[in-house]
Amino acid sequence: MISRIGKNILFLILAFTVLSFSSCSTLDSRQQQLSSFTLTVLHNNDGESHLLNAGKGLEDFGGVARFATMVKKLKAEAGECLYDLNCAVIMLSSGDNFLSGPEFDASLYRQGGHPYYDTIAMDLIGYNAIAVGNHEFDFGPVILAEFIRGFKSYAPFLSANLDFSNEPCLKKLVNDGLIKKSEIVKMNGELIGVIGITTPTLPFISSPRNVMIDNDIAGAVNGEVKKLTAQGVNKIILISHLQSIEYDLALAAYIRGVDIIVAGGGHELLSNKDGLMIPGDEDHVYGPYPILVKDADGKELPVVTTSGAYRYVGRLVAEFDDNGEVIEIDNSISGPVRVAGGCSKDSVEPDSEILQKVIEPVERYIETLSSQIIGKSEVPLDGRRVSVRTMETNMGDVIADSILWQATLLSSEFGIPGPDMAILNGGSIRNNAVIEPGEISILDSYDIMPFNSFVTIVYGVTSVQLKEILENCVSKAEFGEGGFPQIAGFSFLWDSNGIAQELDEKGGVITPGTRIRQIRLNNGIKIVHNGSVLDNAPGFNVATIDFLARGGNQYPFRDNGFVNLGLTYRAAMVNYIKQARGGLISERDYPECGTGRITEKGLRSN
């Protein structure tokens with residue numbers, strides 16, 4: 001029987017394949033009503049604690065202080081009501097509002113603790129509603145509760161498919177109205193409903209502990225729509241965090257009564273022709289802004305998102321008729337508005353209050369990390385999201401090697417059997433950039449590996465199970481999900497045209513995968529040949545991180561015993577570069593193209 005999670009996700013994926021989308025701006029040919037209402041939806045998603053700027057080489061772009069100024073500017077423009085119509089502006093976030101790493105650590109290690117710097121910044125930006133994403137749970141429910149409690153203004157966190165009853169600290173926030181399924185925002189006499197939704201894969205990609213997840217996301221949305229419409233709401237926005245806009249586009253076919261979807265989690269960049277981009281983004285536009293799809297009633301539904309990290313403010317200007325139907329999208333001003341500073345023609349000054357209360361103390365903390373050098377690289381190291389989640393990269397090779405090396409060293413100290421290989425999920429590599437040749441600092445290590453995940457050895461992995469683990473790793477490669485592997489100690493060949501494996505909630509195989517074609521250990525021993533596990537193939541001990549050992553990203557380690565070695569994978573890489581590599585990552589050992597550990601054949605690789 002297909003699992004509830006697998007069934008719903010598969011259902012969404014299949015639905016997406018039969019949907020079409022366009023950038024048409026007119027949603028209804030009916031005559032425009034004189035009493036129409038214009039709503040400007042400002043939005044972002046996946047801020048992920050990128051507080052200072054858009055990253056190395058892009059210091060004049062992004063940053064939460066400049067982002068706040070741009071939001072104020074756009075709010076002021078929207079408030080001018082140039083169309084002689086009733087109008088309003090709403091500010092929304094679609095989740096992943098903070099992320100482990102140096103900028104969030106500045107909050108965790110500062111004297112006094114909280115409110116966290118991210119909370120302070122978001123509070124000053126002024127949100128009307130905020131979706132609960134997956135990274136909100138990376139430190140567990142207690143940190144999330146502290147994050148929400150830090151808001152001085154009222155900004156409810158929304159998720160219609162999460163049940164917080166078994167987490168006391170979060171349940172109290174529900175009772176206090178700070179966590180809700182939906183919110184009604186009243187603006188200029190109009191009622192605007194906002195519904196939140198969170199990815200059903202939450203237990204496999206974060207640490208929600210006793211938070212319960214309803215996998216029927218369409219049912220959760222439709223149920224909340226009925227409650228809102230019963231209260232007289234006829235304009236409804238869904239702020240979703242489903243990890244990919246493709247899931248939102250598919251979901252649209254199974255919901256009704258929603259007027260706008262603001263997606264999060266996928267980091268896709270939508271833009272129309274001649275949109276002003278941050279340098280380097282021009283070649284990474286996913287589609288038009290907005291994308292239009294059909295809902296369950298055949299009504300065209302606009303879907304929008306941004307690429308995250310406070311790089312853009314999304315702006316959708318929608319006109320509603322008396323019945324709450326969207327009759328037009330103003331494409332002349334709708335689209336992502338880049339956040340720029342410096343000498344750019346569209347530059348804005350950083351918000352002075354956020355600059356003082358957030359940016360300056362975070363910068364002081366960051367400076368202490370950037371001054372600590374751990375080594376240097378002769379070669380560019382590719383940690384881009386699009387790379388580490390779809391292919392072997394030399395950055396992935398370095399990290400996987402460091403985990404294998406560190407686990408081998410510690411196993412000897414612990415007096416336990418050592419590992420035969422290492423596997424790391426690409427989603428654990430987070431810097432989303434190429435590190436150019438030169439010095440590598442402690443700060444770089446935090447950017448690359450922000451999570452407090454510990455080096456772990458999993459024991460007794462059979463050859464059949466290893467194939468199943470790797471089938472899981474490549475099962476969603478076309479969606480760029482974080483389970484794609486970076487490896488050490490072996491190599492494998494996979495076929496993107498093969499059948500994708502599907503697992504149930506406990507890691508049991510529902511649909512066997514046929515994508516893994518060859519597995520070979522570094523010593524030459526073959527494990528899989530032409531898609532079949534060879535007779536008498538050995539078993540293994542696998543070095544990985546505790547997140548995966550516990551079933552993260554649905555890695556089917558199942559009930560295998562494992563030992564947490566008490567050292568983070570970030571510390572392992574630092575030790576590896578300093579001790580095992582003598583402070584040098586050489587081009588010979590880690591060429592830009594990788595060393596042939598992972599080879600893909602099939603349509604995607606042609």
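The values are calculated or read from the model by the stated rules, or taken from the named source; none is laboratory data. All figures in this text were calculated on a predicted structure; none of them were measured in a lab. No Cβ is skipped: glycine too gets one built from the backbone with ideal geometry, and neighbour counts run over all protein chains shown.
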request  = Go through P302, P350, P336, P290 for me and flag whichever is over 23 Å from I120 (Cα atoms), at pLDDT 95 or above and not assigned by TED's automatic domain parsing to the domain that holds H241.
outcome  = P336
remark   = Apart from one, (1) touching a residue at least 60 places away in the same chain (Cβ under 8 Å); (2) closer than 30 Å to S387 by Cβ; (3) acidic (D, E) all hold for D330; the odd one out is (2)
query = at pLDDT 95 or above, out of contact with any strand residue (DSSP E or B) (no Cβ under 7 Å at 6 or more places or on another chain) and not small (G, A, S) - does that describe any residue in the range 449-461?
reply = no
request  = Restricting attention to the range 384-415, report how many residues are in contact with a strand residue (DSSP E or B) (Cβ under 8 Å, 6 or more places away or on another chain) and either modelled with pLDDT of 95 or more or not aromatic (F, W, Y) (or both).
outcome  = 20
ask   = Restricting attention to the range 189-199, does a residue exist that is in contact with an Asp or Glu (Cβ under 6 Å, 6 or more places away or on another chain), not aromatic (F, W, Y) and not in a strand (DSSP E or B)?
value = no
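Among the residues of the range 295-332 satisfying the criterion of being β-branched (V, I, T) and assigned to a strand (DSSP E or B), which is farthest from the chain's Cα centre (by Cα)? Full working, then the answer.
Taking the range 295-332 and keeping what is β-branched (V, I, T), we get 303-306, 313, 317, 326-327, 329.
If we keep only those that are assigned to a strand (DSSP E or B) too, we end up with 303-304, 313, 317, 326-327, 329.
On the way: V303: 17, V304: 16, V313: 17, V317: 26, V326: 29, I327: 32, I329: 27 Å.
Among those residues, the one meeting the criterion is I327.
Listed here are the residues, each with its yes/no results for (1) at pLDDT 95 or above; (2) among the hydroxyl-bearing types (S, T, Y); (3) not assigned by TED's automatic domain parsing to the domain that holds S159.
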site: G55; (1), (2), (3): no, no, no
site: M91; (1), (2), (3): yes, no, no
site: S100; (1), (2), (3): no, yes, no
site: L108; (1), (2), (3): no, no, no
site: H114; (1), (2), (3): no, no, no
site: D123; (1), (2), (3): yes, no, no
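Which residues, counting only those in the range 417-438, are assigned to a strand (DSSP E or B), within 20 Å of G524 (Cα to Cα) and of a type outside the set (V, I, T)?
Across the range 417-438, the qualifying residues are M421, A422.
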query = Can you name the condition, by its number, that S445 falls short on among (1) in contact with an Asp or Glu (Cβ under 9 Å, 6 or more places away or on another chain); (2) assigned by TED's automatic domain parsing to the domain that holds E587?
reply = (1)
request  = With respect to A340, determine if the residue is among the small types (G, A, S), within 30 Å of L228 (Cα to Cα) and more than 17 Å from the chain's Cα centre (by Cα).
outcome  = no
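Run down C169, C87 and say which single residue is over 29 Å from K235 (Cα atoms) and not charged (D, E, K, R). Outline the logic, then answer.
Values: C87 fails: over 29 Å from K235 (Cα atoms).
Exactly one of C169, C87 is over 29 Å from K235 (Cα atoms) and not charged (D, E, K, R), namely C169.
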ask   = Among the candidates I440, I416, which residue alone is β-branched (V, I, T) and farther than 21 Å from F547 by Cα?
value = I440
ask   = Of all strands (runs of 3 or more DSSP E) completely enclosed by the range 213-287, which ones contain at least 3 residues that are over 24 Å from the mean Cα position of the chain (by Cα), closer than 29 Å to P203 by Cβ and at pLDDT below 95?
value = none
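Okay, residues lined up against (1) among the hydrophobic types (A, V, I, L, M, F, W, C); (2) in a loop (DSSP other than H, G, I, E, B); (3) crowded, with 22+ Cβ neighbours inside 10 Å:
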residue	(1), (2), (3)
F151	yes, yes, no
Y154	no, yes, no
A160	yes, yes, yes
N166	no, yes, no
C169	yes, no, no
V174	yes, no, no
task = Identify all residues within the range 254-287 that are of a type outside the set (A, V, I, L, M), surrounded by fewer than 20 Cβ atoms within 10 Å (Cβ to Cβ) and touching a Lys or Arg at 6+ places or on another chain (Cβ under 9 Å); write none if there are none.
result = R256, G275
task = Pick out the one residue from F139, F204, F147 that is under 21 Å from the mean Cα position of the chain (by Cα), crowded, with 19+ Cβ neighbours inside 10 Å and assigned to a loop (DSSP other than H, G, I, E, B).
result = F139
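Out of the residues in the range 365-383 meeting the condition of being modelled with pLDDT of 95 or more and not hydrophobic (A, V, I, L, M, F, W, C), tell me which one is surrounded by the most Cβ atoms within 10 Å (Cβ to Cβ). Steps first, answer last, please.
Filtering the range 365-383 down to residues modelled with pLDDT of 95 or more leaves 373-383.
Then drop every residue that is not not hydrophobic (A, V, I, L, M, F, W, C), which leaves 375-378, 380, 382-383.
Numbers: G375: 18, K376: 13, S377: 23, E378: 14, P380: 17, D382: 22, G383: 25.
Per the criteria, the residue is G383.
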message = Here is a check on your reading of the model: is G189 out of contact with any Pro (no Cβ under 6 Å at 6 or more places or on another chain), at pLDDT below 95 and either outside the structural domain of A155 (by TED's automatic domain parsing) or more than 27 Å from I429 (Cβ to Cβ) (or both)?
response = yes
query = Is it true that V89 is among the β-branched types (V, I, T) and more than 25 Å from F547 (Cβ to Cβ)?
reply = yes
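Among T199, T229, which is the only one that is farther than 26 Å from E505 by Cα and among the polar types (S, T, N, Q)? Don't jump to the end; show me each part of the working.
Numbers: T199 fails: farther than 26 Å from E505 by Cα.
Criteria check complete, one pass: T229.
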message = Any residue in the range 187-200 that is surrounded by 17 or more Cβ atoms within 10 Å (Cβ to Cβ) sitting within a Cβ distance under 6 Å of a residue that is modelled with pLDDT under 95 and assigned to a strand (DSSP E or B)? List the pairs, counting only those 6 or more apart or interchain.
response = E190/F37
